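Colleague: Just passing along the structure, written as structure tokens.
No lab work stands behind these numbers, since they all come straight from the coordinates. These figures come from a predicted structure and were not determined experimentally. Here the Cβ positions follow ideal geometry from the backbone for every residue, glycine too, while neighbour counts run over all protein chains shown.
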């Protein structure tokens with residue numbers, strides 16, 4: 001392994017540990033805003049994968065771009081569905097028959 005590859009592997013492993021310890025220490029109240037920010041980052045990667053898929057640089061980059069578009073789309077849609085479900089758990093019930101009331 002060359003010095004540059006070893007450095008990149010070190011940074012990748014370090015980022016994994018920092019991300020793990022950061023996420024595990026987030027209070028439950030902040031999970032929903034954190035999920036929303038993560039969905040925004042996933043949407044940015046979706047735009048990048050669309051650019052790669054449409055760049056017409058050959059068959060392999062186009063196929064990898066298609067896989068990236070599919071994966072990022074599933075990630076974004078799933079993230080928004082989970083965030084919506086979490087936000088519904090925090091809604092308060094209103095007056096009986098009023099807005100926000102449970103059936």
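Colleague: For the chain, take the longest principal axis of its alpha carbons; what is the angle in degrees between that and the long axis of helix 3-24, to the nearest 10 within 0 to 90?
Modeller: Rounded to the nearest ten degrees, it is 10.
Colleague: Follow-up. Please give the calculated 222 nm ellipticity per residue for the chain, where each DSSP H segment of at least 4 residues contributes -39500 (n - 2.57) and the sum is spread over every residue; nearest 500 deg cm²/dmol?
Modeller: Estimated from H runs of four or more residues: -26000 deg cm²/dmol.
Colleague: How far apart, in nanometres, would the label points at residue 6 and residue 70 be if each is projected 7 angstrom from Cα along the Cα-to-Cβ direction?
Modeller: The answer from the label model is 3.9 nm.
Colleague: Something else about it: Rounded to the nearest 10 degrees, what's the angle between the helix 59-89 long axis and the longest principal axis of the chain, both from Cα atoms, 0 to 90?
Modeller: 20 degrees
Colleague: Related question: Taking the 0 to 90 degree range and rounding to the nearest ten, how far is the long axis of helix 31-53 tilted relative to the main principal axis of the chain, both from C-alpha atoms?
Modeller: So the inclination is approximately 40 degrees.
Colleague: Same structure again: Starting with the fewest neighbours, write out 83, 24 ranked by other beta-carbon atoms found within 10 Å of each beta-carbon.
Modeller: Least crowded to most crowded, the residues run 24, 83.
Colleague: Which of the following values of percent of Cα pairs over 18 Å apart was calculated from the structure shown: [x] 69; [y] 39; [z] 56?
Modeller: [x]
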